[in-house]
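The values are calculated or read from the model by the stated rules, or taken from the named source; none is laboratory data. Because the structure is predicted, anything quoted here is derived from the model rather than measured. Quick reminder, even Gly has a Cβ in these numbers, built from the backbone with ideal geometry, and neighbours come from all protein chains shown. Quick note on the areas: whole protein, heavy atoms, side chains included, nothing else; ligands and nucleic acids left out. Shrake-Rupley method; radii C 1.70, N 1.55, O 1.52, S 1.80 Å.
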Amino acid sequence: MQVDYLIVGQGISGTMLSWFLHKEGESFVILDESKGDTSSKVAAGIINPVTGRRFVRSWMIEELLPFARKTYDELETFLQVHFIRHLDMIRFFPNAESRDLFATRITEDDTYLHPYPEQNDFNPFFNYHYGCGQVRPAFCVDLGVLLAAWRQQLGDAVRNQRFEPAALQEANDHIVYEDITAQKIIFCEGVMGEANPWFGLLPFSANKGEALFIECPGLIDKHIFKQHHLLAPLMQPGLFWVGSTYQNRFTDAHPTEDFRVKTEAYLKEWIKLPFTVVNHKAAIRPATVERRPFIGMHPHHPAIGICNGMGTKGTSLAPYFAHQLVQHLVHGVTLTPEADIRRFERILSRRN
Ligand SMILES: Cc1cc2nc3c(=O)[nH]c(=O)nc-3n(C[C@H](O)[C@H](O)[C@H](O)COP(=O)(O)OP(=O)(O)OC[C@H]3O[C@@H](n4cnc5c(N)ncnc54)[C@H](O)[C@@H]3O)c2cc1C
């Protein structure tokens, strides 16, 4: 079988890469070892333009957010499946300093931060003592629904199969893998990229996260909420996602008793309505030391490339940077220097 591209991995990175290749009329095959709890399948899929305790704008959000929104809207129309919700985020302030800082930030830049006039609106649902502010726009993308719908659409173009590096035959202008001959191979392996023979030396900084899935009938589902944890409504009415942790040190990818117990105790203090924990998941994010993606072709292996390193923000980063990589491959467009793996040329020359 002859195709333009062989893609390894169908998380949100591989999904976006193949979508934009499809739009350019390029042919591809994806190898994806179907696993339950990969990063994309555990994620809340939130796009939040303002992050952290200091309410700082996310990197490149002015470009990333409208591009992601347009891409997900297009994919919804193409696939005839609903997976994106246009919401806002209500930030409950943990203390008076945080409330004052939010007010100051609004005077500096009110693009995404807004006062929330009805401060008591959420009293029937939550305990909060220092008021709240609004971040908008924000989005919640059900990545599990999107990934499954795209996989179904692709049919035989996706194989439920593990890629084995030893079986790859490489030339300057093509690769051969089993029965597949392709001009290029692009790795979208998420955290498994750390073990990739061509890209494993890139400065990954794997980061484990856990989430509880709760059923809470009657809980307001028109917003994403953030206090100590994020709480996001899922597509199914009455179901909510609660998370997460950011652990740089971990021994495995499994959910922990510690997270479940602490998060449940926290939720009992925060939410005024009864709830039931219906699921508990964990996954490892493909985060990077610089918190910037890894995209581009290997400087010493012209037929081998990567689209990875989406870290904690794959929902907003993957559409933009997968599109940019496709524009680079098909039309020679220059990559954003902070994301282009050529910045690690010396590191990458250590393996060949
Ligand atoms: C708890 C949690 C919450 C999160 N919440 C958010 C959020 O709200 N918003 C946000 O933007 N991001 C969030 N993230 C981060 C987000 O999940 C990641 O940025 C994103 O999913 C990374 O996608 P990916 O496609 O690069 O990797 P992955 O989702 O890991 O996909 C990689 C795929 O490649 C396959 N694969 C790997 N190696 C091979 C191989 N050798 N052969 C075949 N297949 C292979 C894997 O099976 C997998 O299907 C969260 C992450 C976690 C863990």
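Structure notes:
- For first residues located in the range 1-13 and more than 9 Å from the ligand (Cβ to nearest atom), partners that are of a type in the set (S, T, N, Q) and lie 6+ apart or on another chain with Cβ distances below 6 Å form the pairs Gln2/Thr181; Val3/Ser27; Asp4/Ser27; Asp4/Gln183; Ile7/Ser18.
- Considering the conditions (1) more than 10 Å from the ligand (Cβ to nearest atom); (2) open to solvent by 50 Å² or more (accessible area, probe 1.4 Å), Tyr246 is excluded by exactly one of them, (1).
- Exactly one residue out of Arg91, Arg69, Arg99 is more than 23 Å from Pro293 (Cα to Cα) and either in a strand (DSSP E or B) or touching a strand residue (DSSP E or B) at 6+ places or on another chain (Cβ under 7 Å) (or both): that is Arg91.
- Remark: pairs (first residue in the range 148-175, within 11 Å of the ligand (Cβ to nearest atom); second residue assigned to a helix (DSSP H, G or I); Cβ separation under 6 Å; 6+ apart in sequence or on different chains) = Val158/Arg151.
- Strands (runs of 3 or more DSSP E) contained in the range 155-208 and holding at least 2 residues closer than 24 Å to His22 by Cβ, of a type outside the set (Gly, Ala, Ser) and open to solvent by less than 20 Å² (accessible area, probe 1.4 Å): 175-177, 180-187
- Selection within the range 289-313: residues that are among the β-branched types (Val, Ile, Thr) and more than 9 Å from the ligand (Cβ to nearest atom). The member of this set that is most open to solvent (accessible area, probe 1.4 Å) is Val289.
- Restricting Arg85, Arg53, Arg69, Arg91 to residues that are touching a Lys or Arg at 6+ places or on another chain (Cβ under 8 Å) and of a type in the set (Lys, Arg) narrows the list to Arg91.
- Put simply, of Val242, Val261 the only residue that is in a helix (DSSP H, G or I) and either β-branched (Val, Ile, Thr) or at pLDDT below 95 (or both) is Val261.
- Residue in the range 272-288 that is open to solvent by less than 40 Å² (accessible area, probe 1.4 Å), within 30 Å of Ser27 (Cβ to Cβ), out of contact with any Lys or Arg (no Cβ under 7 Å at 6 or more places or on another chain) and assigned to a loop (DSSP other than H, G, I, E, B) present: yes
- Beta carbons closer than 6 Å, at least 6 apart along the sequence or on distinct chains, pair a first residue in the range 185-197 that is farther than 16 Å from Lys208 by Cα with a second that is near the ligand (Cβ under 6 Å from one of its atoms) and among the hydroxyl-bearing types (Ser, Thr, Tyr) for Cys188/Ser13.
- Enumeration of residues in the range 25-64 that are charged (D, E, K, R), surrounded by 14 or more Cβ atoms within 10 Å (Cβ to Cβ) and either more than 14 Å from the ligand (Cβ to nearest atom) or more than 30 Å from Arg159 (Cα to Cα) (or both): Glu26, Arg57
- Hits in the range 102-147 (condition: among the aromatic types (Phe, Trp, Tyr), within 19 Å of Lys222 (Cα to Cα) and away from the ligand (no atom under 15 Å from the Cβ)): Tyr112, Tyr116, Phe122, Phe125, Phe126, Tyr128
- The set of residues in the range 214-231 that are farther than 19 Å from Glu269 by Cβ and either open to solvent by 50 Å² or more (accessible area, probe 1.4 Å) or hydrophobic (A, V, I, L, M, F, W, C) (or both) comprises Pro217, Asp221, Lys222, Ile224.
- Selection from the range 74-114 of residues that are more than 28 Å from the chain's Cα centre (by Cα) and either open to solvent by 60 Å² or more (accessible area, probe 1.4 Å) or at pLDDT below 95 (or both): Glu97, Arg99, Asp100, Thr104, Thr107, Glu108
- Residue pairs whose Cβ atoms lie under 8 Å apart, sitting 6 or more positions apart in sequence or on different chains, and linking a residue in the range 73-101 that is touching a residue at least 60 places away in the same chain (Cβ under 8 Å) to a partner that is part of a helix (DSSP H, G or I) and aromatic (Phe, Trp, Tyr), are Leu75/Trp19; Leu75/Trp150; Leu79/Trp150; Phe83/Tyr72; Arg91/Phe102.
- Among the residues listed as Val145, Val141, the single one being open to solvent by less than 10 Å² (accessible area, probe 1.4 Å) and at pLDDT 95 or above: Val141
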